[in-house]
1. Can we say A140 is surrounded by fewer than 24 Cβ atoms within 10 Å (Cβ to Cβ) and modelled with pLDDT under 95?
2. Of the residues L364, L338, which single one is outside any helix (DSSP H, G or I), of a type outside the set (V, I, T), out of contact with any Lys or Arg (no Cβ under 8 Å at 6 or more places or on another chain) and surrounded by fewer than 17 Cβ atoms within 10 Å (Cβ to Cβ)?
3. Filter region 249-275 down to the residues that are in a helix (DSSP H, G or I) and at pLDDT 80 or above and list them by number.
4. Just to be sure before I move on: is N438 polar (S, T, N, Q), within 21 Å of A270 (Cβ to Cβ) and open to solvent by less than 40 Å² (accessible area, probe 1.4 Å) in the structure I sent?
5. From the list L353, L347, which residue is surrounded by 24 or more Cβ atoms within 10 Å (Cβ to Cβ), modelled with pLDDT of 85 or more and under 18 Å from I452 (Cβ atoms)?
6. Within region 179-208, how many residues turn out to be open to solvent by less than 40 Å² (accessible area, probe 1.4 Å) and over 30 Å from G164 (Cβ atoms)?
7. If a residue has to be modelled with pLDDT of 70 or more, of a type in the set (D, E, K, R) and on the phi < 0 side of the Ramachandran plot to count, how many in region 283-317 make the cut?
8. Taking interchain pairs and intrachain pairs at least six residues apart, which have beta carbon atoms under 9 angstrom, with the first residue in region 382-410 and modelled with pLDDT under 85 and the second among the aromatic types (F, W, Y) and crowded, with 24+ Cβ neighbours inside 10 Å?
Amino acid sequence: MASNANSQTKGYGTRHTFTILSFIGYFHLYALRFNISIAIVAMVKHKDTLPANNFTEITECPDPGYNKTTKMSNQATYDWDEATQGLILSSFFYGYALTQIPGGFLAEKIGGKRLFGYGILITAILSLLTPVSAKVGTWAVVIVRVMMGLAEGVTIPALSSMQGKWLPRLERSLLSNIANAGAHFGNVICLPIAGYLSYSDTLGGWPSGFYIFGGAACVWFFFWHFMVFESPAVHPRIAPDEKQYIESTTGVRRRKRYPTPWKALLTSSAMWAIILTAFLQTWGGYVTHTTLPRYMHTIQKFDIAQDGVLMALPNLFNIFASVVGSWFADFLLKKKWLSTVVVRKLLNTLGLLPAALCVPFIPLAGCDHVTVVALIVVGNGMLGVCGSGLWVNILDIGNNFSGITMGLANFSANLSGVIAPYFVGLMTNDNETMEQWNSIFYVSMALYLLGIFVFIVFARGSEQSWNHLPQTETDIDEQDKEKNNTQDREINQSPYNGKNTEHL
């Protein structure tokens with residue numbers, strides 16, 4: 001059995017099918033979420049912020065004369081000012097933040113598979129309704145976006161809960177980051193296509209992006225529903241050696257309901273290190289994904305198609321950084337050269353420090369498009385390394401309650417999604433100048449540096465005491481009773497047999 005188990009760890013298994021479909025699910029999550037960041041440039045009538053005498057000084061870069069968006073400005077439909085645009089872009093995150101913690105709780109109660117699948121399906125249907133809601137009015141768009149956020153909010157904690165059951169310890173960084181890379185791959189594909197569709201007459205313009213990505217997500221749902229299972233314990237086709245390999249490091253959870261140790265969680269410095277760093281890290285990311293297309297269009301004079309390609313480049317770099325970072329983290333852990341906590345702090349710093357160093361040079365680059373693009377790509381792309389630092393640390397300290405802990409972390413992370421776009425909208429409302437954007441970039445730099453400090457000081461790399469599950473004989477009997485009505489049969493078949501289960 002040992003040799004079979006070793007061969008299974010090297011071959012393709014059900015955990016890889018789970019990871020691939022998780023990757024595609026993440027792809028749809030982000031494509032559906034950020035498609036509007038590009039589309040809104042085409043939806044809104046561009047209001048020039050230059051003075052009437054057209055004296056530019058340094059407030060805006062000169063128009064190169066080939067801006068497709070300028071040529072099609074008469075096709076824009078909606079007269080939304082910068083504050084209204086900020087409200088629309090941030091409204092998704094109102095709902096998204098609200099369902100993070102309930103999502104983790106529901107994942108523990110009813111399972112992550114259904115939450116992740118149906119969350120994406122509902123978001124896809126609402127995406128199909130977005131163009132119609134825009135015709136109804138601003139309030140309708142905001143409501144649809146809030147509802148999309150509510151549906152998507154349960155998905156990340158739900159998938160994290162499943163990853164706590166499916167990903168072996170020594171493959172945890174790599175497989176989780178491969179799945180998570182789907183989010184950035186979604187932007188790599190979605191944003192350029194959305195930019196092209198926004199000025200394409202043959203495909204119907206900006207509404208077609210909502211229809212294409214919404215329809216594709218509906219198709220994905222059927223594959224997820226029939227090919228993925230909640231855990232190795234209930235998968236009907238998993239090889240026994242792969243099941244043993246996975247459960248030897250993740251633990252075997254027979255009961256669906258363990259009491260959540262709320263007091264211990266909310267007083268854990270390790271948990272608060274994740275919660276605070278999540279907010280500080282994602283602020284700059286949400287500025288990039290939601291409002292930077294407007295900066296590149298209004299200040300740098302990029303057209304919509306260029307906006308889409310530009311926004312895809314940091315995500316492409318992010319995927320590369322994420323995969324390399326996860327390989328590097330697992331390599332260090334397998335070689336036992338560094339402890340888990342040192343690896344997580346190192347990777348988090350390697351992600352945030354380049355981002356912090358690049359941000360202040362964006363305003364200094366002025367209208368040098370090559371330099372500006374390079375700084376945005378490197379700075380935001382390196383954030384992918386944080387996946388092997390901050391985000392995998394959630395599984396390190398409490399994989400048994402990873403749905404809840406991810407819910408807490410993602411709630412904090414998406415508070416920045418609520419605040420950052422609206423903050424940018426207020427800063428630039430009727431005053432969208434390079435000087436105002438410089439202040440926005442400096443705020444991002446300060447928050448990145450603070451995130452490095454908080455994680456280095458407070459993060460932990462080992463399983464926390466609140467993650468321990470009941471291991472007494474009485475608890476095991478109770479678990480077996482809940483799975484089957486016949487107690488004796490379950491005790492005989494139980495993989496525990498009164499022994500302690502290994503945990504990370």
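The values are calculated or read from the model by the stated rules, or taken from the named source; none is laboratory data. Everything numeric in this text was worked out from a predicted model, so none of it was measured. Glycine gets a Cβ as well: all are built from the backbone with ideal geometry, and neighbour counts include every protein chain shown. The protein model used for the area step is the full one, side chains on, heavy atoms only, and it has no ligands, DNA or RNA in it. Shrake-Rupley method; radii C 1.70, N 1.55, O 1.52, S 1.80 Å.
1. Numbers: surrounded by fewer than 24 Cβ atoms within 10 Å (Cβ to Cβ): yes; modelled with pLDDT under 95: yes.
Here the answer is yes, as A140 does meet what is asked.
2. Result: L338 is the single residue among L364, L338 that is outside any helix (DSSP H, G or I), of a type outside the set (V, I, T), out of contact with any Lys or Arg (no Cβ under 8 Å at 6 or more places or on another chain) and surrounded by fewer than 17 Cβ atoms within 10 Å (Cβ to Cβ).
3. Listed by number, the residues that qualify are W262, K263, A264, L265, L266, S269, A270, M271, W272, A273, I274, I275.
4. It is false that N438 is polar (S, T, N, Q), within 21 Å of A270 (Cβ to Cβ) and open to solvent by less than 40 Å² (accessible area, probe 1.4 Å).
5. L347
6. Counting residues in region 179-208 that are open to solvent by less than 40 Å² (accessible area, probe 1.4 Å) and over 30 Å from G164 (Cβ atoms) gives 11.
7. Count: 1.
8. M406/W391; N410/Y96
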